[in-house]
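Each remark here refers to the structure printed beneath this line.
The values are calculated or read from the model by the stated rules, or taken from the named source; none is laboratory data. Computed from a prediction, not measured in an experiment: that's the story for all the values here. Counting neighbours? That spans all protein chains shown, and the Cβs are built from the backbone with ideal geometry, glycine included.
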Amino acid sequence: MLPGKPNGLVLIHPHGGVIDAYINHGRWVADCGNPHCHNARALAYGENFLCVDELGGDACGFAYDVAWPPPEEAERICAVLAYRPDRATRNWRPDETATMLLIENMAHGIRHASTPELGAAATHLVLDAAGEGEPIVRVLADPIVVDAAPAAEIGA
């Protein structure tokens, strides 16, 4: 029996605190914060987490607020990940920035011109290194191509 489920009954959604959202295989996901529960759920951006299992498996029944990146940053993260041709590589953790993902893309030879998966309007990315501190990724409506970086040899 799972701790948090006395007598095998699911508790009526006790609040477990705050957990982080992340992207796994192109989906927003959060893991249950109960250390005795190993469930995870796919979520829509901005949704909170309720640990339930519709298939009758073990779920602790805890509810969590989910920490999401701000909408503008989430848009940049999704725009950069959308360039990755293999859905299995479309991953992001809260300790990563859109800039880090863009640099990772460029290191793997991924060219950035437009992102058709984000909708009818093409989205363009630019790495702005002119400011102070960490470079930032900007999502622009005007066509700017960031594909001048040479493709790196991977696994050499």
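Have a look at Gly33, Gly16 and point out the one that is over 23 Å from Glu96 (Cα atoms) and not aliphatic (A, V, I, L, M).
Gly16
Could you figure out which of (1) more than 25 Å from Val18 (Cβ to Cβ); (2) part of a loop (DSSP other than H, G, I, E, B); (3) not basic (Lys, Arg) isn't true of His36?
(1)
Being part of a strand (DSSP E or B), at negative phi and either touching a Phe, Trp or Tyr at 6+ places or on another chain (Cβ under 8 Å) or buried (at least 20 other Cβ atoms within 10 Å of the Cβ) (or both) is the filter here, so list the residues in segment 13-30 that pass it.
His15, Gly16, Val18, Ile19, Ala21, Tyr22, Ile23, Trp28, Val29, Ala30
Yes or no: Glu54 modelled with pLDDT under 95 and in a helix (DSSP H, G or I)?
no
Out of the residues in segment 96-114 that are outside any helix (DSSP H, G or I) and not acidic (Asp, Glu), state the one that is modelled with the highest pLDDT.
Checked segment 96-114; the qualifying residue modelled with the highest pLDDT is Thr97.
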